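Q: Shown below is the structure under consideration.
The values are calculated or read from the model by the stated rules, or taken from the named source; none is laboratory data. Predicted model, so just to flag it, every value in this text is computed and none were measured. Using ideal geometry, Cβ is built from the backbone for each residue, glycine included, and neighbour counts are taken over all protein chains shown.
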Amino acid sequence: MSDILTDVKMPFCQGCGHGIIVKSLGNAIEQCGYSEKDIIIVSDIGCSGLVDPLFNTHSLHGLHGRAPALGVGVSLGLDNTSKKVIVIQGDGGVTIGLQHVLESARRNINMTLVVMNNLLYGMTGGQISGLSTQKFKEQRQFEVDVPPFDIIKLAHLSGAAFSARATSIKTFTDVLTDALRTDGFSIVELSSLCTSYAYKKLNDFQEVIEEAEILKNDRFPVTLSKKTGKSLFESLKSYSKEFTNNVNQRLGVIISGSAGGGVQSAATLLASAGIVCGLHSTMKGEYPVTVGTGFSIAEVIFSKTKINYTGLENPDIVILVSEDGLKVAKNRIKNNSQVIADISLMNNGLENLDKRSLVYGNFIQVASKKGAALCAIAYWLNSGGLLDLNALKSISNSHRLSAELLKTIDDSGKVTINNFN
Ligand code: SF4
């Protein structure tokens, strides 16, 4: 048995084809020279989703049909070609999350998707899936007029670097090895016998697979294409360090206002400014489902070192530019938080909170509701000196609304401050 696999007993029914695929995958991983720590298995829901304990590798378990999306996140986050993300799905998972498969292929994400196709939903009792062959459906007198998805062709047409189908267990390891050696997105559809809901004997199953019309022409083990693609990271604009910073330890900033007030844009500009100051930075935002109403809050984190955890429990700076923003962020202000609020929020209870300092500025008056968040950020940078204000200007300069943004930043010099403390 492969070292990649644990000695945990296979959780599948007796004779189930999934066990053969797991062993073939273990062999293929070893043949490619990967160690256990190089592999991240991402599983889906269903019988195929029982594989996690069978691998000595890293593993994650996703929602039904969503495992490819999870795999994309892991692959992009790692951005390391010496590691391999392997997503394992059944034909049911592929049917439910088809768009995730096609999107992974379209973007040519560096990962391998292994589709264990047993032609049915095994865990829920044998219902047919979108990949069930015509012949199989004929036998069950179900939906014969609706042809199955050809996931291999679909992935190929969407841009997968490697797409292959194997119906004979003798070829599984070789096809999987080719897929794992592919740079970019590879997909392998492997036929897997479900002894509980399909057939007891492999021969019967093989007959259905091979007799299915869609397989007769071009559904035998085949590699449709091999090409190299550009990763998402390679197509992103890159920033280099051009400005200075005085950030010595991890720094968290909350910017909170109302929808339509430019909070998310201002936070993005701030996070980008951190990068051109040589810092690592993250930004995430939140607002109600009904766009254009209610609060809009964003978190920006800066650090000299890589940011692995993006939670922000103790914000150092809290910028508040509307009542909606105050309501949603009030409970997040901590003893060590410095609060910068619009003057319109005076006498709203902020004064009573336990915090390090509080200043009010006429940000809305100077920059309007739309520009208040950016204006307050510019004021903070100018007064605190943690990041070079020119970094914010430089980032804003390449924005499509550069003139408006640069005016707002410059106008922050006109802000009148009421220092509460
Ligand atoms: S129900 Fe079918 S696919 Fe699921 S473990 Fe049993 S034999 Fe395998």
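Q: Could you list all residues from segment 50-82 that are farther than 21 Å from residue 27 by Cβ and within 16 Å of the ligand (Cβ to nearest atom)?
A: Of everything in segment 50-82, just one residue is farther than 21 Å from residue 27 by Cβ and within 16 Å of the ligand (Cβ to nearest atom), namely 64.
Q: If the Cβ limit is 6 Å and pairs must be 6+ apart or interchain, which residue in segment 102-128 that is within 22 Å of residue 178 (Cβ to Cβ) pairs with which residue that is among the aromatic types (Phe, Trp, Tyr) and near the ligand (Cβ under 9 Å from one of its atoms)?
A: Correct list of pairs: empty, since none qualify.
Q: Does residue 65 qualify as being without any contact (Cβ under 8 Å) to a residue 60 or more places away in the chain and either part of a helix (DSSP H, G or I) or charged (D, E, K, R) (or both)?
A: When the stated conditions are applied, residue 65 does not pass them.
Q: With the requirement that a residue be in contact (Cβ under 8 Å) with a residue 60 or more places away in the chain and either near the ligand (Cβ under 10 Å from one of its atoms) or in a loop (DSSP other than H, G, I, E, B) (or both), what does segment 1-39 give you?
A: The answer is 13, 14, 15, 16, 17, 18, 32, 34.
Q: Quick one: in segment 173-210, which of the residues that are within 16 Å of the ligand (Cβ to nearest atom) and under 22 Å from residue 155 (Cβ atoms) is surrounded by the most Cβ atoms within 10 Å (Cβ to Cβ)?
A: Ranking the candidates gives 191 first.
Q: Given 42, 94, 85, 101, which one is crowded, with 24+ Cβ neighbours inside 10 Å, within 16 Å of the ligand (Cβ to nearest atom) and either modelled with pLDDT of 95 or more or farther than 22 Å from residue 30 by Cβ (or both)?
A: 94
Q: Next question, about the same structure. I'm told residue 78 meets every condition in (1) closer than 24 Å to residue 174 by Cα; (2) in contact (Cβ under 8 Å) with a residue 12 or more places away in the chain except one. Can you identify the failing condition by its number?
A: Failed condition: (1).
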